[in-house]
Each structure stands twice: as C-alpha cells, then as structure tokens.
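The values are calculated or read from the model by the stated rules, or taken from the named source; none is laboratory data. All values reported here derive from a predicted model rather than from experimental measurement. Here Cβ is always computed from backbone atoms with ideal geometry, including for glycine, and neighbour counts include all displayed protein chains. Just so you know, the surface numbers come from the protein's heavy atoms only, side chains and all, with ligands and any DNA or RNA stripped out. Shrake-Rupley method; radii C 1.70, N 1.55, O 1.52, S 1.80 Å.
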Amino acid sequence: MPLLNASGCLDALTAPEVARSLDAFVTKTVTPLPREGNPPPRIAETDDWMLNSIGLQNPGIDAWAEDSYPRLVELDAELWVSVGGFSAHDYALVCERLDDLKGVAAIELNLSCPNVDEAPETAAELTAGARAATAKPLYAKLSPQTSDIAEAARAVEAAGADGLSLVNTLRGLALDPHTLRPRLALGAGGASGPALRPIALACVHACARAVELPIVGMGGVAAGRDALDLVAAGATAVALGTILFADPHAPARIRAELESELRARGHSSAAEIRGIALGSAAPAEASSK
Amino acid sequence: MLAGRPARRELLAVKGTAQMGPYTLLRLERGGMEPGIPGQFFMLEAPGRILPRPMSLCLAPPGELAFLIDPIGAGTRALCGLRPGDAIHVLGPLGNGFDLDVERPLLVAGGIGIAPLPYLAERLGGDVPVLLGFRSDVHAEAARLLPDAEVVVEPRLVTELLPDDPGDVLACGPEPMLEALRELAPSSQLAWEAPMACGYGACYGCVVELSESYVRLCTYGPVLREGQTLDTSAGDDERATSE
C-alpha cells in the first residue's frame, strides 16, 4: 500500500531521508509566480487541532523547474508535484510546464487551499483545464468542506481526473486567550491533526462509493490503524500530514503498524481489505442477540 | 540524519526536574543523542499535545540533556509537569548554533533567553562574562544557573549593562532585546525564536522576515549573524523561495 506525504508537510530537500522513506514525495504547492506566503505567526495549536496559514510560499514554476526540480530528481524518490493557482489559466500553465519534465510522476491539483483566495472556477473546470495541458496522471485534491463531496468527485472524474486526494484541511480559527485576537496573523487557517480523521474517513468512504478512481486518503493519520481504516473505506494509498511534524520517522513506524494490523486480522496485504467498509454494516454482537 | 546533520529521535527518560523561579529545568537521560552546538535546539514531545515544542539545550552533563522551560502554554506546562518515570520523544540537535570561534565573548540574555547560555558558557571554557535581565526577582532566580553573571531586574534593562566596546556578543532573549543589541552591537550573534511545528524545515511555519523575504528559522537559524543575507545560505533552498 503506497505511503505518501501530504503536500506542504515535508520538504524533501531539507529532509531527503524522510522523503525516501515514502513511496512517493509530494511537493509543496507550486504556483505560476513566486509567492512569499502569509505573514507570521503561521501556525497555532489548539487542544484538538493544528492550524496553519502558510499561504502557498513557493518559488514559482520557473525557479522551481530550474532550481528545485533537478535536486528533487536526484533524490531518486517518486515525485508528485502539487499545483495551485488563482484561475484555470494558472493551473493549466503550471501543468503544461510540468508535462515536459520526465521526473514528474504525477500532478496533484490543490483545488482546496483554505489559506489563499480561491479560483473562481469550479474544481471540475480547473481539472478540465489541467487535463488539456498535460498527459501526466492528475489527482484532484478536494476540500472536506462541502455538502456533497461525492458530487465533487464525480465532477472531477468527468473532467478527466485520474485520481483523488482526500482530504485537505478544514478552515478553523483560534484566539489568543489574553488578547482574544486571532493567533494566526491572517485570522483563520487550515485545521489538521487527529480530529480530522473521521471527517477524512467519511469523505473517502463517500467518494469510493461514487467513483472508480484511485484515492489517496489523508487526514489525521498517526498510526497504522488509521491507515488501515482509510484503506477499508476505499483508499488505494495513504498520505501522512501533521504527524510528520511531530515524528519524521512516522512512515516506517506506520508501515510496520499497518502490516501488523493486517496480520492480526488474517490478511497479507492491504488490497485484501480495500473498500471492505463499503459493504453493509458489520453485524454487531450486542445487537444480534 | 536530518538535513545532513546528525539529528536523532529517541525516547528519553525523565531524570528529574528542578524549579528555577517560574521556570522548570527538565533533566532527561541523554540516550544516544548528541548535545550539539550551543544555540541548536531540540523538539520535545509535549505529552497530550499534537505538536512537539522547540527548546534549546541548557545543560549537558555526562549522560544527560537538560532544558529550561517557561510554562507559557499547554505544551510547555505539560513538559514542566513531567516526573521521573515519564519518558518523551526528543528530536535533535537541529538548526544552526552559535559560532564559538570568538575572541572576546560576552553572553547576554533576557528572561527565558537564559536557556542556552549555561551550555554556551561551558563550551566557551566557562570563564566568560554574562549579562542577564529579568522581569522580576522571581524570574531572576534562574540566574543561579550562571552564578557569576551580572543581573538586572526591570525596570532596568540588560542592554544598559552593555559596555561601550562589548566584544563578541552572543545573545538570546525577547525580540525587543535582540533588536536593541543589533543596533548597539551590530556584529552580535543572536538566537531568535518562533513558533515551530516540525523544527526540520517541513512546515514553513517558523518563518521570520530577513532581507524582505520569509526564511525558515529552523533551518536558517535560530542563531543569525550580522550580514547574514539569503545569498550566504549554504545548501538550503531559501534562496529559491526568496526570488
């Protein structure tokens, strides 16, 4: 079962050994033009969540292709590039540039960053524009903050997406206990961490029912059991986000834990339990009596 | 290894704690970890919290790593509440420490900024002048970590003690103090602070503005020196993100 990082949760150039411990490395989102990102403070922690407001800090596609890309290719890890922008034209432009780069294995469309202004087009329109610009595998990263994520999944599938990345962060706000002002410089930020887990699971479950696409499940994964749940809900791969901040060695640990979770249930591979939760509810012992 | 440096992550047992005014000195078994260079930092697992907390090393007796912690929030309070028998994961050493190749060192700290100075003084040979400033007499109890230091308490400021020719200033403390030192002694080595999620360059949460760009303090600092511009960054990609 492939293990990836969630975009923006690892820099393979400062921690190459962590990137190599994954099956693929997903870059921080790249936009057409350089972005300085949001002013600090950019991170805060509440009892249940981590909040971030990084704001897509990145060198822009030109500098990225010239400076970061050659160094990332040298790492010898499968490379996925996260693409962002502020219009369908932006997404298509970056995808077109990436299409020429042999070392890019897949493109993830960041259609759901909570920390920057959104493109006016729908996720399906952005996906269709990107599809026209590249033949590389396209994964659409969707927000859990929608009334019907299965509908969004069907729409991006129809627009040409090859897979889904589920989910991005939720929008959250934390206040300073003394000043009662926002703790992040720009106010609200993206909320992640263990509390996102049941939300991500519900999204993966709903989308796996709605579409045939492969799904990279993510959201609060901190242990092998969490990865197991996502696969059971229909994920074909799992990505690690916030846990990497606390534990750069998490990939090896979670992989080992997943294997023992599978063994304990009499399975030899994750493929055997994929989508098992999509069937009817398991008979509970208490209710069957 | 992280970022080409010998950082490790280990579960370290708590040896004990000591109260220093409002601060707690947390003493951990060293395990197989390196103490690193003074001014480098470690990410300490804060029990019950999602993210670890960055702490510079305060003391490095044989077999031990000790951190001075100010209980300002839920994570630091959880760290101060650790007791022998507990154990936490520690990652480090991380970041860039002080350059110890100085002729006339003068150590300056404000408040919890005293944290890296005892280990720094030891590595500089022990017999170095130290200036300390604290908010109150209770906070100043932490000065017993450096018994020969000259100490002031507010409303007096530690920068008032700075001689006309301060020599090589190595300092840690609140931002206004560091800004003042940058004016008074431009060649100072200053240890800065920022909220961090990861400590190893992954999250881009700890940026500080330097030469009109946001650079990650964890990989570029936390100790910054005069004239440290983005172009001098060795092997990091900060230059790329600043263009």
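Pick from B:Arg53, B:Arg49: which is of a type in the set (Lys, Arg) and within 17 Å of B:Cys172 (Cβ to Cβ)? Every option except B:Arg53 fails the conditions. Exactly one residue out of B:Leu178, B:Leu170 is assigned to a strand (DSSP E or B) and in contact with a strand residue (DSSP E or B) (Cβ under 8 Å, 6 or more places away or on another chain): that is B:Leu170. Taking the range A:128-140 as the range and being within 16 Å of the chain's Cα centre (by Cα) and within 10 Å of A:Val156 (Cβ to Cβ) as the test, the residues that pass are A:Leu138, A:Tyr139, A:Ala140.
Whether any residue in the range B:46-68 is away from every other protein chain (no Cβ under 14 Å), without any contact (Cβ under 8 Å) to a residue 12 or more places away in the chain, surrounded by fewer than 22 Cβ atoms within 10 Å (Cβ to Cβ) and of a type in the set (D, E, K, R) is what I want to check. No, the range B:46-68 contains no residue that is away from every other protein chain (no Cβ under 14 Å), without any contact (Cβ under 8 Å) to a residue 12 or more places away in the chain, surrounded by fewer than 22 Cβ atoms within 10 Å (Cβ to Cβ) and of a type in the set (D, E, K, R). Among the criteria (1) out of contact with any helix residue (DSSP H, G or I) (no Cβ under 8 Å at 6 or more places or on another chain); (2) among the small types (Gly, Ala, Ser); (3) in contact (Cβ under 8 Å) with a residue 24 or more places away in the chain; (4) surrounded by fewer than 18 Cβ atoms within 10 Å (Cβ to Cβ), the one B:Gly21 does not fulfil is (1). Evaluated against (1) within 11 Å of chain B (Cβ to nearest Cβ); (2) within 19 Å of A:Val73 (Cα to Cα), A:Ile54 falls short on exactly one condition, (2).
Answer yes or no: is there a residue in the range B:16-23 that is modelled with pLDDT of 95 or more and either within 14 Å of another protein chain (Cβ to nearest Cβ) or more than 19 Å from the chain's Cα centre (by Cα) (or both). Among the residues of the range B:16-23, at least one is modelled with pLDDT of 95 or more and either within 14 Å of another protein chain (Cβ to nearest Cβ) or more than 19 Å from the chain's Cα centre (by Cα) (or both), which makes the answer yes. Taking the residues in the range A:172-185 that are part of a strand (DSSP E or B) and out of contact with any Gly (no Cβ under 7 Å at 6 or more places or on another chain) as candidates, determine which candidate is most open to solvent (accessible area, probe 1.4 Å). Looking at residues that are part of a strand (DSSP E or B) and out of contact with any Gly (no Cβ under 7 Å at 6 or more places or on another chain), I get A:Leu175.
Beta carbons closer than 6 Å, at least 6 apart along the sequence or on distinct chains, pair a first residue in the range B:185-206 that is farther than 30 Å from B:Thr159 by Cβ with a second that is open to solvent by less than 10 Å² (accessible area, probe 1.4 Å) and basic (Lys, Arg) for B:Gly201/B:Arg216. For the range B:99-111, the criterion of being within 30 Å of A:Ala246 (Cβ to Cβ), within 14 Å of chain A (Cβ to nearest Cβ) and not aliphatic (A, V, I, L, M) is met by none of the residues.
Within the range A:57-67, restricting attention to residues that are within 7 Å of chain B (Cβ to nearest Cβ) and buried (at least 22 other Cβ atoms within 10 Å of the Cβ), the residue that is farthest from A:Gly172 (Cα to Cα) is A:Pro59.
Elements of the type strands (runs of 3 or more DSSP E) sitting completely within the range B:82-134 and holding at least 1 residues that are under 14 Å from the mean Cα position of the chain (by Cα) and buried (at least 24 other Cβ atoms within 10 Å of the Cβ): these cover B:87-94, B:105-110.
Of the numbered criteria (1) in contact with a helix residue (DSSP H, G or I) (Cβ under 7 Å, 6 or more places away or on another chain); (2) more than 11 Å from every other protein chain (Cβ to nearest Cβ), the one A:Asn110 fails is (1). Of all positions in the range A:127-141, none carries a residue that is touching a Phe, Trp or Tyr at 6+ places or on another chain (Cβ under 6 Å) and within 23 Å of A:Pro2 (Cα to Cα).
Tell me, yes or no, whether the range B:181-191 has at least one residue that is open to solvent by less than 40 Å² (accessible area, probe 1.4 Å) and assigned to a helix (DSSP H, G or I). Steps first, please.
If we filter the range B:181-191 for residues that are open to solvent by less than 40 Å² (accessible area, probe 1.4 Å), which is where we start, we get B:181, B:185, B:188-191.
Narrowing further to those that are assigned to a helix (DSSP H, G or I): B:181.
Checked the range B:181-191: at least one residue is open to solvent by less than 40 Å² (accessible area, probe 1.4 Å) and assigned to a helix (DSSP H, G or I).
Within the range B:45-60, the set of residues being in a strand (DSSP E or B) and in contact with a helix residue (DSSP H, G or I) (Cβ under 6 Å, 6 or more places away or on another chain) comprises B:Arg53, B:Leu59.
One line per residue, one yes/no per condition, for (1) closer than 26 Å to B:Ala46 by Cβ; (2) more than 20 Å from the chain's Cα centre (by Cα); (3) at pLDDT below 95:
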| residue | (1), (2), (3) |
| --- | --- |
| B:Glu193 | yes, no, yes |
| B:Ala197 | yes, no, no |
| B:Tyr204 | yes, no, no |
| B:Glu209 | no, no, yes |
| B:Val223 | yes, no, no |
| B:Ala240 | no, yes, yes |
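Among the residues of the range B:62-81, those identified as out of contact with any helix residue (DSSP H, G or I) (no Cβ under 8 Å at 6 or more places or on another chain) and outside any strand (DSSP E or B) are B:Pro62, B:Gly63, B:Ile72, B:Gly73, B:Ala74, B:Gly75, B:Thr76, B:Arg77, B:Ala78, B:Leu79, B:Cys80, B:Gly81.
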